[in-house]
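The next block holds one structure in the form of structure tokens; read it before the comments.
Taken together, the values in this text are just the output of simple stated rules run on the coordinates, not laboratory data. Bear in mind that the values here come from a model prediction, so they are computed numbers and not experimental data. Because the Cβ atoms are built from the backbone with ideal geometry, glycine has one as well, and the counts that use them run over all protein chains shown.
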Amino acid sequence: MIGISKYQFYDTHAHLDFEPFTDDMPRTIDLFLNAGIKQVMIPAVTRDKFDRLINISASNPNVYTIALGLHPLYIQSHTLSDLDYLETLLCTKDNSQIKAIGEIGLDAFLMHLSEEKLFKKQIDFLQKQLEMANRYNLPVILHSRRTHHVLLSILKKITVHRGGVIHGFSGSLEQALEFIKLGYKIGVGGIITYPRANKSRLAISKLPLESLLLETDSPDMPVYGRQGKVNRSECLIEIFQALCTLREEPAKVIAEQIWETSNTLFH
Ligand SMILES: [Zn+2]
């Protein structure tokens, strides 16, 4: 341990609106607060989660911020009326806990999603949600698997004024730098705890510290050594420790900078 409890952390991506977290919300919160995780961003994946997310964050406003959006993995089920509903919620003035549009993006990792018709629908829903982010002056939380080049070309066409984050980044230094040049942050997750993830570990070690955020992607993406188990927000500490071994800055500097970057992005 490296004296981490004196730092504050922001888990910038955790699906705590899923089981098992919702079964015992007070305990879920206790566990991550005790580990030093002071804030958690919960991004939505489908329309049927929107109201639940608003309720969760309204009951725990000091620990949870939320993002609403339509995730590319569920592209088959999304409809234009889901987008209308999203916009209705964004228009509602007292929904100030909505700090971003997400989780949105592109996925070509699963074969059926990369078929022409569905991939076109993914691009269409992504573009519409990027434009919506600008209409409501919000940043975006982006998912990208095997689609960095297509995503980059779209982000060059549609400038999101508040920027956003490429969540759970996995890729090369060059790709990360291209996203950063466009004003995006890089979400650092459990992948850097895996010794074999050389390309991503190298990229994260060389990126500007101000471009990094930390995230668990709970309940998915377990850290190394916990494969097959439910990932939880408190595991962010292990990702932070792995990050410290990759970076030259002292732990204190890393923790403080990332806390500030996270709060600035989702203010
Ligand atoms: Zn996610």
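Values for this structure:
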read-out	value
Gyration tensor (alpha-carbon) shape descriptor, the range 191-267, a/c threshold 1.5	oblate
Lys, Arg +1 and Asp, Glu -1 on Cβ, resulting dipole of the chain about Cα centre, debye, nearest 20	600 debye
Qualifying trypsin sites (Lys or Arg not before Pro) in the range 39-112, DSSP loop, other Cβ atoms within 10 Å at most 12	K93
Sum of side-chain charges, I56 neighbourhood, beta-carbon under 15 Å (Lys, Arg +1; Asp, Glu -1)	-3
10 Å Cβ shell holding at most 14 others, DSSP loop, GluC sites (Glu not before Pro): longest site-free stretch of the chain	116-247
Inter-label distance for E256 and N198, nm, one decimal - labels placed 7 Å from Cα along Cα-to-Cβ	3.6 nm
Sparsely packed trypsin sites (Lys or Arg not before Pro) within the range 133-222, loop by DSSP, other Cβ within 10 Å at most 12	R196
Three-way shape label, the range 92-198, alpha-carbon gyration tensor, a/c 1.5	oblate
Hydrodynamic radius of the chain per Kirkwood, over alpha carbon pairs, in Å	18.4 Å
